[in-house]
Amino acid sequence: MSAGLGGCAILASFALLAGCGAAEEQLDPWGTEDVITGAGGGSASGGWTDAADGSGGSGGGWPSGKLGPPYPIVLAHGFFGFEDFAGAGYVSYFYNLKQTLAEGNEVVYTPSVDPFNSSTYRGAQLLARIEQILAETGHEKVNIIAHSQGGLDARVVAHERPDLVASVVTVATPHLGSKVADIALQLVAYERLQDVLDDLLNAIGAPLYDQIGNETSVFASLEQFSTPGIAEFNAKYTDAPGVFYASFGGRTDRAIGGSDCLALDPAPFVAQFDDGLDPVHPLLSLTETILDGGFGEAIPNDGLVRARDARWGNFWGCLPADHFDEIGQLFGQSPGEGNPWLYIDFYRAVIERLRQEGL
């Protein structure tokens, strides 16, 4: 029972994601970097056809007859993610981000998928949502910006339908798995206890998330994040040629980064935060300690994902933010005393970078 409770404590660290906002300041985007990890990536492709409404070209201006770039933005949420928490109408996973970007005339979607399941399952749901988005907008493709497990979902979509995806940009996605998941699965090793916890999450989650069904399982996610699970995932869902891949890691507990955060050509936007130090959120202190290797090692991580495990495609560096700060959580609170991190302007700069690539 004590092992089960220990596993539950770690699972709680995964699950505590709710929303908030932060102050804004205009920041500049950055330049391109070479591919240094992952099976795909590379420079973006595709032309730019102007339209009077700024939404891209159509008809003879784009071979498919559909609208070309600039493509709509899809924000893909992570584990325990949501679009509208319990119907509150204001608490969203990417806190205040969709509304703020829309004020800048960006077309942004935040589709919901099952908060507790494998990315094979969630990716199929995300693909269905993207097909609906493209039917609604008339565009040929979307740009996916994803946080945490949402990045694995996005890779599934890009692998299965590369014709619908221009780019996949991931933030703190466990592309190489999570040590936390390995430990959680060891602590909660009893199948009967796993079933009880799954039933409990369904009972709690069903009133909050209308997409939850009988097939949802937190352990499907954890098994995918495990060392053997992620190896199988990466072998199956390889990167698609023609899709632009980029990634970011996170660093907290006042870590400065180190070799795991090095990029071949550091993005100026990230580099300007090199001196920023992020105090870890108390809810992530246990998992951060597990991931940083204990005393003396200081492996950079955001409290749930190590920076080395978040590298994929064009790695653009580490953000001075924990897993909550990366999406404006919790409830828009400050990332911590002395930390200049501004999550909304980060996403603005990512989008501007994609626009510079002709996406």
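The values are calculated or read from the model by the stated rules, or taken from the named source; none is laboratory data. It should be emphasised that the depicted structure is a prediction, and the values quoted were computed from it without experimental measurement. As a convention, Cβ positions derive from the backbone with ideal geometry for all residues, glycine included, and neighbour counts pool all protein chains shown. Please note that ligands, DNA and RNA were not included when accessible areas were found on the heavy atoms of the full protein model with its side chains. Shrake-Rupley method; radii C 1.70, N 1.55, O 1.52, S 1.80 Å.
Below are the figures for this structure:
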quantity	calculated
Surrounding net charge for Pro279, when Lys and Arg each add one and Asp and Glu each subtract one, Cβ distance under 12 Å	-4
Rg and Dmax of region 242-357, Cα atoms only, in Å	13.6, 43
Heavy atoms of Lys98 accessible to a 1.4 Å probe, total area in Å² rounded to 10	70
Environment charge at Ala231 (Cβ cut-off 13 Å; Lys +1, Arg +1, Asp -1, Glu -1)	-3
Carbon and sulfur %, accessible surface of region 221-272 computed with the full protein complex present, 1.4 Å	59
Formal net charge of residues neighbouring Gly123 (Cβ-Cβ distance under 13 Å; K, R +1; D, E -1)	+1
